[in-house]
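A quick write-up on the structure given underneath.
The values are calculated or read from the model by the stated rules, or taken from the named source; none is laboratory data. The shown structure was predicted, so the numbers you read here are calculated from the model rather than taken from an experiment. For neighbour counting, all protein chains shown are included, and Cβ atoms are generated from backbone atoms with ideal geometry for every residue, glycine included.
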Amino acid sequence: MIALNLDIEKTALERYVPPTKPSLVGLSREALGEALTTLGVKPAHVKMRVQQLWHWLYVRGVTDFDAMTSVSKELRATLAAHHTLDRPEVVAEQVSADGTRKWLLRLPGEHAGENPHEVECVYIPETDRGTLCVSSQVGCTLNCSFCHTGTQRLVRNLTPGEIVGQIMIARDRLDDWNASAETNRKVSNVVMMGMGEPLYNFDAVRDALLVVQDGDGLGISRRRITLSTSGVVPEIVRAGDEIGVMLAVSLHAVRDELRNELVPLNRKYNIAQLLEACRNYPGVSNSRRITFEYVMLKGVNDSIEDAKELVRLLKGIPAKINLIPFNVWPGVKYECSDWEQIEKFSQVVFDAGYASPVRTPRGRDILAACGQLKSTTEKLSARERLALRAMAMMDD
């Protein structure tokens, strides 16, 4: 049984230290206005200048102030003297045979030396969409026993700019800035399912996702954004009120005793409390269903009895149940359920009236389970890490 230290469950070991020249990436319109005012832009001109910057940042995706041709040379020079347009740096990239791409990203700022802060971001192309899985923390502290990120310490929370920057990096790498409409974009959907627990970095995640939703910028609608939580009950209703995106819940078990082991946060917020918060999620309806994620672990949580209990628990909640074949990683004690058993489990759920898609395993040849690329590169020598960075830069 994995112990959970409730005193540090949401406390990062380090704090973000902003660089001398902070990036404008991830700033809200209000924050951009404040930055411009500080730089001496006249109040009557601030609104127009904010709109100009917003367009160049989030529609055009520029990385250099000189590219902002509608902005005066004087203001461009002033901006460059005090700010950057930095987003995370690609340290390593892996491309799966199925098209899945995984990036290890180094965060700009104070930790660019021997112990940089790094996170992972994964792009999953499908026939009708392209989904980007985004991280919210460097590491994690929840210790879910089947999750590779749970083997890493929680270093710190990401800033709004570092969250938004992951989407901008993906658009850079996929040449996705010139798409004319949401349906034409390679990155059409965003899921907060990467490293970390988004609701333990609530303010930054909220501020970032409001930038992402803005129709005059990145323009990814809230119905195409999903926030996944392990069950931080007090913040769930708040997320619906203040962010308004789709909700996914990492359930993975139907009995508290087992969920205590798989998702130790359950010892603080049990299944009954979690499901009550889901019932009260603002806007939940048959057209805005909550997704319950359920990883299929052989002989652990995949019995027909588990399936029947799952149906019973979710009665009355507009829900979709996403069955996830376990993506095995080195050293883990669990195995993926047999495909035949997954199908039987799915049929029970489907017969009860719930959509129960089985998530197609993606990126297994590049160890796409969250946290694996970061752990692998941490073991490399300095020379090997430099070689990885050089290879990533050659792909730009």
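Could you check how many residues of region 273-315 are at positive phi and either modelled with pLDDT of 95 or more or not assigned by TED's automatic domain parsing to the domain that holds Y354 (or both)? If you could, list the steps in order and put the result at the bottom.
Initially, region 273-315 is screened for residues at positive phi, giving 283, 299.
Pick out the ones that are also either modelled with pLDDT of 95 or more or not assigned by TED's automatic domain parsing to the domain that holds Y354 (or both) and you get 299.
Total satisfying the criteria: 1.
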Quickly run through region 219-251 and pick out the residues that are hydroxyl-bearing (S, T, Y) and over 14 Å from the mean Cα position of the chain (by Cα). S221
Looking at region 193-215, which of its residues are more than 23 Å from C147 (Cβ to Cβ) and either crowded, with 20+ Cβ neighbours inside 10 Å or within 15 Å of the chain's Cα centre (by Cα) (or both)? D203, R206, D207, L210, V211, V212, Q213
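Just checking, which of T63, T78, T37, T69 is of a type outside the set (A, V, I, L, M) and within 18 Å of V212 (Cα to Cα)?
On the way: T78 fails: within 18 Å of V212 (Cα to Cα); T37 fails: within 18 Å of V212 (Cα to Cα); T69 fails: within 18 Å of V212 (Cα to Cα).
Going through T63, T78, T37, T69 in turn, just one is of a type outside the set (A, V, I, L, M) and within 18 Å of V212 (Cα to Cα): T63.
Rundown of residues vs (1) surrounded by fewer than 24 Cβ atoms within 10 Å (Cβ to Cβ); (2) at positive phi; (3) under 16 Å from the mean Cα position of the chain (by Cα); (4) not in a loop (DSSP other than H, G, I, E, B), yes/no style:
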position	(1), (2), (3), (4)
I163	no, no, yes, yes
K186	yes, no, no, no
V191	yes, no, yes, yes
G217	yes, no, no, no
A253	yes, no, no, no
